Amino acid sequence: MSNLTGTAILDPVTAHVVSDRLARRRSRHVKERVIEALLLLAALVSVFTTVAIVYVLVSESVEFFRHVPLTDFLFDTQWTPLFADAHFGIMVLLSGTLLSSFVALAVAVPLGTIIAIYLSEFAPFSVREIAKPFLELLGGIPTIVYGYFALLFVTPLLQKLMPELPGFNILSAGLVMGIMIIPYVASVSEDAMRAVPMALREGSYAMGATRFQTAIRVVTPAAFSGIAAAYILGISRAVGETMILAVAAGMQPNLTWNPLEPAATITSFIVQVALGDLPHGSLGYQTIFAAGLTLCLLTLFFNILGHLLRKRFRQVY
Amino acid sequence: MALRQEIGEIRAMIARHKRWDMAFALLGLLALMVGVLTFAALFTQMAIEGAARLSWDFFTSFPSRRAAQAGILSAWIGSVMVMIVTAATAVPLGVGAGIYLEEYAPKNWVTDLIEINVTNLAGVPSIIYGLLALGLFVYQFGFGQSVLSAGLTLGLLILPVVIVATREAIRSIPGVIREGAMALGATRWQTTADHIVPYSLPGILTGVIIGMSRAIGETAPVITIGALTFIAFLPPSPVQAEPPFLNFEWLLSGFTVMPIQMFNWTSRPDAAFHANAAAAGLVLVVMTLSMNALAIYIRYRLRKNIKW
């Protein structure tokens, strides 16, 4: 075919020109190549983004650790980066982050799992058709709206039960955060359960097991790697959640394991600093990048854990 | 006698197990109800608090020190402008990347690297994107705390959503379509542009809408960039009467967006501002919910209508 490049096509019998339009054109080839390169470039943006995130976080954190020794960062029990007597104990923010995530997961994991099992194994078709889009809608509500709800609805409600509860507290923020995470946990676990082959259920039913027994003893264990992935997704959501905590949990750094107290988290600290006007390049400015790096490492840790869990419990059918 | 007793025992056992079934089904419904009730409470609370503030003035007034006169003019216009930049970033990049991964990508380490990155980026907390933008767009590139910085950030944030939706839409097109087009002499790009993209458009659109609805409610990264919380001016208009008619100054203007305005009002101690926050929240929720509902509807129609 290469001998036809750039020339018109000839009819092999009459040797007349059939059509110019069938000629192989160099321009067409070039255009194809250019488009492919552009598409590749678009796809590579995700790689650039990751590289840029790592670069920005690490380069600013390196500056930060030039002023603050790593041991102070890890073991100090005070977090007062913007005071004259500055302390940088990330432990304080970590306690807030982990505590609020724990409260959220205590809500989202049981409820999300129950909803997933119900939708996948029990619910009639019509209920599922309504419930799935509804859960999706619930997941689409902006987190600032959830924050408003936590501060001005859930906290007053809890204060009726516990009159000594402060206006800002981890509990109400965590509870609302848990409800926000339910759709993620439920829909990923449900997908995992529905991927379990029908034959497993049929076998179980044939042995005389009820729906409940089949769901708990056959389907759930078989789908466990997927369910674990859903939990991990829930944890990363909780750890990275910002606005609910910034609004409803107060922003005072507080090293505590009591959910009835206000506390700052890594994310709400970043918001607090960003709301003020910190000069570019100051130590306070670098602090939020060090905090962000910690947050990234935390999510990375949970994701690796999830990966290991998935590998450990993966079932091959 | 003994046999009858045994049968009775078995019946009792079956009945007991069936009761467990019922109990769990009820528990499942109850768990779902927690979601439904929360949503109902959230919506009613905001409606009761904020409905009185929803008037024409609320949409056409700047924020003010006096709660009763404050409005969301600068906030919603800021949101619209940021969304324009976000769409202009995320749609071409996301759809392009999706097309590349499905139609062009060879099986090699570069493709694997891209796929791993897309999956990972979907799990990065949104505030980290804010830090990225602060370091990169605001200071390194010198875009400042502007509409452009915010739009680019949110564009990157929803990129994975658009890429995944595009890929799923393209994957559902059977290979026969490609083979048919190529058999007629179409090049790869002609096949893609004339067949693959048009047929997967509803699916892509669903992803774009869901991504945009997420971007419009996103607060944390925009605060991190340093969006203002109180602005009583509008960015310069993108259209003007004199040539060249288009004006790009708005891209570098300071701005605020709806969720930030709501955050500002929510975090004030004065309860009068909480009514404003409720009204702004109501607008925001109605906006995101209708976008999501539209996406769900398009997907539903799609599933019903197209049979390859």
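The values are calculated or read from the model by the stated rules, or taken from the named source; none is laboratory data. Nothing here was measured: the structure is a model prediction, and the numbers come from that model. When we count neighbours, we look across all protein chains shown, and the Cβ atoms used for this are built from the backbone with ideal geometry, even at glycine.
Each row is one residue, and each column tells you yes or no for (1) under 24 Å from the mean Cα position of the chain (by Cα); (2) more than 25 Å from B:Ile48 (Cβ to Cβ).
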residue: A:Ala116; (1), (2): yes, yes
residue: A:Phe122; (1), (2): no, yes
residue: A:Arg128; (1), (2): no, yes
residue: A:Lys132; (1), (2): yes, yes
residue: A:Leu137; (1), (2): yes, no
residue: A:Pro142; (1), (2): yes, no
residue: A:Ala150; (1), (2): yes, no
residue: A:Pro156; (1), (2): no, no
Worksheet item: What tally of residues in the range A:189-233 results from selecting those that are more than 14 Å from chain B (Cβ to nearest Cβ) and either small (Gly, Ala, Ser) or within 29 Å of the chain's Cα centre (by Cα) (or both)?
Response: 17
Worksheet item: Among the residues of the range A:55-80 satisfying the criterion of being over 30 Å from B:Val91 (Cβ atoms) and of a type in the set (Val, Ile, Thr), which is nearest to the other protein chains (Cβ to nearest Cβ)?
Response: A:Val58
Discussion item. I need the full set of residues from the range A:234-293 which are under 21 Å from the mean Cα position of the chain (by Cα), farther than 22 Å from A:Ala86 by Cα and not in a helix (DSSP H, G or I), in order please.
Written reply: A:Glu241, A:Thr242, A:Ala249
Worksheet item: Is it true that some residue in the range B:53-74 is touching a Lys or Arg at 6+ places or on another chain (Cβ under 7 Å), modelled with pLDDT of 85 or more, in a helix (DSSP H, G or I) and not small (Gly, Ala, Ser)?
Response: no
Discussion item. Among the residues that make up the range B:119-128, is at least one of them assigned to a helix (DSSP H, G or I) and of a type in the set (Gly, Ala, Ser)?
Written reply: yes
Response to the item:
Only one of (1) in a helix (DSSP H, G or I); (2) away from chain A (no Cβ under 11 Å) does not apply to B:Thr256, and that is (1)
Practice prompt. Determine which member of the set B:Ala165, B:Ala193 is hydrophobic (A, V, I, L, M, F, W, C), in the same structural domain as B:Trp76 (by TED's automatic domain parsing), more than 22 Å from A:Gln272 (Cα to Cα) and crowded, with 24+ Cβ neighbours inside 10 Å.
Written response: B:Ala165
Discussion item. Condition check: in a loop (DSSP other than H, G, I, E, B) and modelled with pLDDT of 75 or more. Does B:Phe273 satisfy that?
Written reply: no
Fill in: Which numbered condition A:Glu136 fails, given (1) in contact with a Pro (Cβ under 7 Å, 6 or more places away or on another chain); (2) crowded, with 21+ Cβ neighbours inside 10 Å
(2)
Worksheet item: Can you name every residue in the range B:127-156 that is among the polar types (S, T, N, Q) and either touching a Gly at 6+ places or on another chain (Cβ under 6 Å) or outside the structural domain of B:Ile209 (by TED's automatic domain parsing) (or both)?
Response: B:Gln145
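Residues B:Leu29, B:Leu42: which one is over 26 Å from the mean Cα position of the chain (by Cα) and not assigned by TED's automatic domain parsing to the domain that holds B:Ile231?
Values: B:Leu42 fails: over 26 Å from the mean Cα position of the chain (by Cα).
Answer to the selection: B:Leu29.
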Response to the item:
From the option list A:Ser100, A:Ser120, single residue qualifying as surrounded by 21 or more Cβ atoms within 10 Å (Cβ to Cβ), farther than 19 Å from A:Gln252 by Cα and more than 9 Å from chain B (Cβ to nearest Cβ) is A:Ser120
Response to the item:
Going through the range A:237-254 in order, the residues found to be under 14 Å from A:Met180 (Cβ atoms) and of a type in the set (S, T, N, Q) are A:Thr242
Worksheet item: When the range A:127-180 is examined, which residues are found to be more than 13 Å from every other protein chain (Cβ to nearest Cβ) and among the polar types (S, T, N, Q)?
Response: A:Gln159, A:Asn169
Item to complete: From A:Ala52, A:Ala42, grab the single residue that is within 7 Å of chain B (Cβ to nearest Cβ), small (Gly, Ala, Ser) and surrounded by fewer than 19 Cβ atoms within 10 Å (Cβ to Cβ).
Response: A:Ala52
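Has the range A:308-316 got any residue that is buried (at least 20 other Cβ atoms within 10 Å of the Cβ) and either part of a helix (DSSP H, G or I) or aliphatic (A, V, I, L, M) (or both)? It would help to see each step written out before you state the result.
Here is the first cut: in the range A:308-316, the residues buried (at least 20 other Cβ atoms within 10 Å of the Cβ) are none.
Within the range A:308-316 (the criterion being buried (at least 20 other Cβ atoms within 10 Å of the Cβ) and either part of a helix (DSSP H, G or I) or aliphatic (A, V, I, L, M) (or both)), the answer is no, since none of the residues qualifies.
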Discussion item. Take the residues in the range A:272-307 that are crowded, with 17+ Cβ neighbours inside 10 Å, at the interface with another protein chain (Cβ under 7 Å from one of its Cβ atoms) and over 21 Å from A:Ser101 (Cβ atoms); name whichever of them is modelled with the highest pLDDT.
Written reply: A:Phe289
Worksheet item: surrounded by fewer than 21 Cβ atoms within 10 Å (Cβ to Cβ), part of a loop (DSSP other than H, G, I, E, B) and assigned by TED's automatic domain parsing to the domain that holds B:Tyr100: does that describe B:Gly180?
Response: no
